[in-house]
Amino acid sequence: FVYAFILPNFKTSFESEKNWSFCQVKDKLLVIYSWYPFRVCSIDYPKRQLNLLCERKMPACFRNYRGSTCGVQVGDEIWFITHILF
(Lines give C-alpha, C1' and ligand atoms only; values in the text may rest on other atoms or scores of the structure.)
Protein backbone atom coordinates (compact mmCIF):
# COMPACT_ATOMS: atom_id res chain seq x y z
CA PHE A 1 0.00 0.00 0.00
CA VAL A 2 1.50 3.34 -1.04
CA TYR A 3 0.15 6.61 0.32
CA ALA A 4 0.50 9.70 -1.85
CA PHE A 5 -0.27 12.68 0.34
CA ILE A 6 -1.03 16.08 -1.13
CA LEU A 7 -0.25 18.83 1.35
CA PRO A 8 -0.53 22.64 1.18
CA ASN A 9 2.65 24.48 0.26
CA PHE A 10 1.43 27.48 2.31
CA LYS A 11 1.07 28.08 6.04
CA THR A 12 -2.11 26.76 7.65
CA SER A 13 -3.50 26.71 11.16
CA PHE A 14 -5.23 23.34 10.83
CA GLU A 15 -3.99 20.30 12.75
CA SER A 16 -5.30 17.91 10.10
CA GLU A 17 -6.21 18.20 6.44
CA LYS A 18 -9.81 17.40 5.56
CA ASN A 19 -12.98 18.56 3.85
CA TRP A 20 -11.49 20.02 0.71
CA SER A 21 -14.23 20.84 -1.80
CA PHE A 22 -13.63 20.38 -5.50
CA CYS A 23 -15.15 22.43 -8.29
CA GLN A 24 -14.54 22.92 -11.97
CA VAL A 25 -14.08 26.44 -13.31
CA LYS A 26 -13.88 26.50 -17.08
CA ASP A 27 -11.46 23.64 -17.80
CA LYS A 28 -9.63 23.71 -14.45
CA LEU A 29 -10.24 21.50 -11.43
CA LEU A 30 -9.92 23.68 -8.32
CA VAL A 31 -10.09 23.05 -4.59
CA ILE A 32 -11.83 25.23 -2.00
CA TYR A 33 -9.42 24.79 0.90
CA SER A 34 -11.28 26.97 3.41
CA TRP A 35 -14.24 29.32 3.61
CA TYR A 36 -12.78 31.76 6.16
CA PRO A 37 -10.57 33.04 4.77
CA PHE A 38 -11.80 31.90 1.39
CA ARG A 39 -8.90 30.01 -0.21
CA VAL A 40 -8.93 28.58 -3.72
CA CYS A 41 -6.16 26.17 -4.68
CA SER A 42 -4.96 23.91 -7.46
CA ILE A 43 -3.23 20.56 -7.12
CA ASP A 44 0.23 19.95 -8.55
CA TYR A 45 0.10 16.16 -8.80
CA PRO A 46 3.76 15.53 -9.74
CA LYS A 47 4.94 17.55 -6.71
CA ARG A 48 2.02 16.36 -4.54
CA GLN A 49 1.35 19.94 -3.45
CA LEU A 50 -1.71 22.09 -2.97
CA ASN A 51 -0.95 25.53 -4.43
CA LEU A 52 -2.77 28.62 -3.20
CA LEU A 53 -4.25 30.59 -6.13
CA CYS A 54 -6.47 33.08 -4.34
CA GLU A 55 -7.20 34.18 -0.77
CA ARG A 56 -9.96 36.62 0.14
CA LYS A 57 -11.51 37.98 3.31
CA MET A 58 -15.09 36.89 3.87
CA PRO A 59 -17.90 38.18 6.10
CA ALA A 60 -17.73 36.91 9.69
CA CYS A 61 -20.67 34.55 9.10
CA PHE A 62 -18.28 32.32 7.11
CA ARG A 63 -16.07 31.76 10.18
CA ASN A 64 -17.93 28.60 11.23
CA TYR A 65 -18.48 27.11 7.76
CA ARG A 66 -17.00 23.65 7.46
CA GLY A 67 -16.65 21.06 4.72
CA SER A 68 -19.04 21.08 1.82
CA THR A 69 -20.20 19.24 -1.20
CA CYS A 70 -18.36 19.59 -4.45
CA GLY A 71 -19.34 22.68 -6.39
CA VAL A 72 -22.19 22.37 -8.89
CA GLN A 73 -22.64 24.71 -11.82
CA VAL A 74 -26.00 26.54 -11.64
CA GLY A 75 -26.26 29.01 -14.49
CA ASP A 76 -23.11 31.14 -14.29
CA GLU A 77 -22.60 30.42 -10.56
CA ILE A 78 -21.05 27.54 -8.63
CA TRP A 79 -23.12 26.37 -5.66
CA PHE A 80 -21.97 24.45 -2.56
CA ILE A 81 -23.81 23.00 0.41
CA THR A 82 -21.89 23.46 3.66
CA HIS A 83 -22.49 22.77 7.31
CA ILE A 84 -21.93 25.18 10.17
CA LEU A 85 -20.19 24.52 13.45
CA PHE A 86 -22.26 25.88 16.35
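The values are calculated or read from the model by the stated rules, or taken from the named source; none is laboratory data. None of these values were measured; they are calculated from a predicted model. So basically every Cβ, Gly included, is an ideal-geometry build from the backbone, and we count neighbours across all protein chains shown. These area figures cover heavy atoms from the full protein model, side chains too; ligands, DNA and RNA do not enter into them. Shrake-Rupley method; radii C 1.70, N 1.55, O 1.52, S 1.80 Å.
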**OP:** Under 14 Å from the Cβ of C54, count the other residues' Cβ atoms, weight Lys and Arg +1, Asp and Glu -1, and hand me the total.
**Re:** +3
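Within 12 Å, Cβ to Cβ, of F14, how many net charges do the neighbouring residues add up to if Lys/Arg are +1 and Asp/Glu are -1?
For residues surrounding F14, the net value is +2.
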**OP:** Take C41, C54, C70 and sort them by solvent-accessible surface of the protein heavy atoms, 1.4 Å probe, largest at the top.
**Re:** C70, C54, C41
Subject >> Test item: Cα-centred dipole of the chain, Lys/Arg +1 and Asp/Glu -1 on Cβ, debye >> reply: 220 debye
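Less than 11 Å Cβ to Cβ from P37, Lys/Arg counted +1 and Asp/Glu -1: what total charge do the surrounding residues give?
Numbers: positive: R39, R56, K57, R63; negative: E55.
Charge balance in the 11 Å sphere: +3.
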Original post:
Tell me, Kirkwood radius of the chain from alpha-carbon pair distances, in Å?
Top reply: 13.9 Å
Original post:
What FRET efficiency comes out for the pair K18/K57, r = Cβ-Cβ distance, R0 = 22 Å, nearest 0.05?
Top reply: 0.45
**OP:** Place the peptides 20-27, 33-40, 61-68 in order of packing, highest mean first, counting for every residue the other Cβ atoms within 10 Å and averaging per peptide.
**Re:** 33-40, 61-68, 20-27
